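Before any comments, here is the structure.
The values are calculated or read from the model by the stated rules, or taken from the named source; none is laboratory data. Remember, predicted model here, so these are calculated numbers, not experimental data. Positions of Cβ are generated from backbone atoms using ideal geometry, with glycine treated the same way; all protein chains shown enter the neighbour counts. The area values use the complete protein model at the heavy-atom level, side chains included, leaving out ligands, DNA and RNA. Shrake-Rupley method; radii C 1.70, N 1.55, O 1.52, S 1.80 Å.
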Amino acid sequence: MRIRPRRLRATPALRAMSAETRIDPRSLMLPIFVHEGDAPRPIAAMPGVVQHGLDSARSTARAAAAAGIGGLMLFGVPTRRDATGSGATDPDGILNRAIAAIAAEVGDELVVAADLCLDEFTDHGHCGVLDADGAVDNDATLERYRAMALAQAEAGAGLLGLSGMMDGQVAAVRDALEGAGRTDCAILAYSAKYASSFYGPFREAVGSTLRGDRRTYQLDPANAREGRREAALDAAEGADVVMVKPALGYLDVLAGIAAESPVPVWAYQVSGEYAMIEAAAANGWIDRDAAIAESVTCIVRAGADAVLTYWALDLAAALRDAPATRRGEGA
Ligand code: PBG
């Protein structure tokens with residue numbers, strides 16, 4: 001007898017029932033950028049994504065709640081930067097103000113997460129403070145992260161996204177939160193965060209001043225075992241969620257971590273992943289909606305429990321509009 005796996009592919013209804021992986025809007029998180037001005041400012045390398053003012057950030061948060069996605073990840077774009085990133089710990093700094101505004105707007109409905117890293121706030125653009133020789137000083141940076149965590153928790157963030165890749169950052173932030181009685185605040189550790197060229201458009205999105213690269217703290221794209229080790233360390237230090245970033249090029253790392261992690265594993269589909277598909281689609285070289293759905297489906301299939309993606313609202317809308325038989329197959 002011939003074995004005929006094609007039988008289950010014959011109709012949209014059979015394909016829909018046979019799908020092993022589905023995208024659920026509740027497990028999507030939308031990253032948003034908030035700057036100090038009022039008017040939204042376009043980001044050239046990320047068509048469709050803007051630097052929000054507080055008002056448009058609020059209305060986007062409303063739209064996110066209406067769309068039924070899981071949460072928002074906030075990034076601040078300050079006008080003034082200095083050596084220690086003092087804007088990050090200032091309650092009136094743009095990120096902390098944005099957290100407070102968004103938490104007031106949708107804090108009961110959505111996870112309000114904040115990027116906990118100094119790179120948007122330092123004049124040199126590194127994720128930590130520098131020592132006398134200009135190298136990123138791991139342990140001095142941890143002191144800044146502790147203060148930043150308390151400021152963000154105070155502003156109303158429910159989940160802190162630790163993206164700086166300093167050794168011991170999860171333990172330090174967890175200890176600071178415990179010490180302040182903020183046992184409610186969860187930690188999302190960017191554990192396997194690679195030194196990637198695919199963050200290129202993000203540099204424009206936050207007006208980064210970085211010269212050089214982050215290879216003394218972010219992971220070498222060549223290393224999978226080291227990514228799994230970082231995730232294990234972060235879980236042991238008290239991370240509530242660990243993350244892999246970027247996503248599409250690192251599905252092996254994601255699958256490896258998902259197989260052994262004691263905590264949920266998320267993935268971040270980054271700015272360059274967004275820009276590539278948008279640019280190809282704008283040229284008519286690729287079917288935009290199908291490529292978006294396929295890329296996120298593949299990330300979920302590899303083991304992501306949730307995905308940070310700039311297309312979270314597009315995906316939620318596509319899933320809502322698609323005929324029931326096509327759900328999970330892409331828009
Ligand atoms: C660091 C941070 C970066 C991103 C998220 N958090 C930039 C970097 O590490 O260079 C990149 C996100 C993206 O490219 O979409 N605060």
_Three-way shape label, the range 1-146, alpha-carbon gyration tensor, a/c 1.5_ = prolate
*Can you list the residues, at least 5 places off or on another chain, whose amide H is less than 5 Å from the amide H of L219, using H built in the peptide plane?*
K193, Y194, A195
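Quick one: grab the alpha carbon gyration tensor of the range 24-327, order the square roots of its eigenvalues as a ≥ b ≥ c, and give me rounded if a/c is under 1.5, else prolate or oblate depending on whether a/b is larger than b/c.
Rounded is the answer for the range 24-327, as its axis ratio a/c remains below 1.5.
Could you calculate the contour length gain from D252 to R26, that is, 0.36 nm times the residue separation minus the distance between their Cα atoms, to one decimal place in nm?
Gain on extension, D252 to R26, equals 79.0 nm.
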*Inter-label distance for D139 and E260, nm, one decimal - labels placed 7 Å from Cα along Cα-to-Cβ*: 2.9 nm
*Average Cα contact separation per residue, the chain, under 8 Å, 6 or more apart, as relative contact order %*: 19 percent
*asked:* For the range 206-320, take the convex hull of the Cα atoms, compute a quarter of its surface area, and give me that in nm², please.
replied: 8.9 nm²
*Ignoring ligands, DNA and RNA, what accessible area per residue does the chain give at 1.4 Å, in Å²?*
44 Å²
*Identify which of T11, T209, T141 has the largest mean-square fluctuation in a Gaussian network model of the chain, with springs joining Cα atoms closer than 10 Å.*
T11
*asked:* If I model a spin label at A317 and A39 as a point 7 Å from the Cα along the Cα→Cβ vector, what separation in nanometres do I get?
replied: 2.3 nm
*Using Cα atoms only, what is the angle between the long axis of helix 251-260 and the major principal axis of the chain, expressed in degrees (0 to 90) to the nearest 10?*
80 degrees
*Diagonalise the Cα gyration tensor of the range 75-210 and give the resulting equivalent ellipsoid semi-axes, square root of 5 times each eigenvalue, largest first, whole Å.*
22, 17, 14
*Once fully extended, how much extra length lies between A65 and E294, figured as 0.36 nm per residue of separation less the alpha-carbon to alpha-carbon distance?*
80.1 nm
*Kindly express, to the nearest 10 degrees and within the range 0 to 90, the angle between helix 138-155's C-alpha long axis and the longest C-alpha principal axis of the chain.*
70 degrees
*Relative to the longest principal axis of the chain, what angle (0 to 90°, nearest 10) does the C-alpha long axis of helix 225-237 take?*
60 degrees
*Carbon-plus-sulfur fraction of the accessible area of the chain, 1.4 Å probe, in percent?*
51 percent
_Set of the range 142-159 residues, backbone N closer than 16 Å to the point 7 Å along the Cα-Cβ line of A186_ = 153, 156-159
*asked:* Quick check: pseudo-label points 7 Å beyond the Cα along Cα→Cβ at R211 and N283, how many nm apart are they?
replied: 3.2 nm
*³J(HN,Hα) across the range 265-281 via Karplus (A = 6.51, B = -1.76, C = 1.60, θ = phi - 60°), whole Hz, x for Gly/Pro?*
10, 10, 9, 10, 7, 8, 3, x, 5, 5, 4, 4, 5, 4, 5, 5, 5
_Over the chain, with a Gaussian network built from C-alpha contacts below 10 Å, which listed residue (A88, A151, A222) shows the highest mean-square fluctuation?_
A222
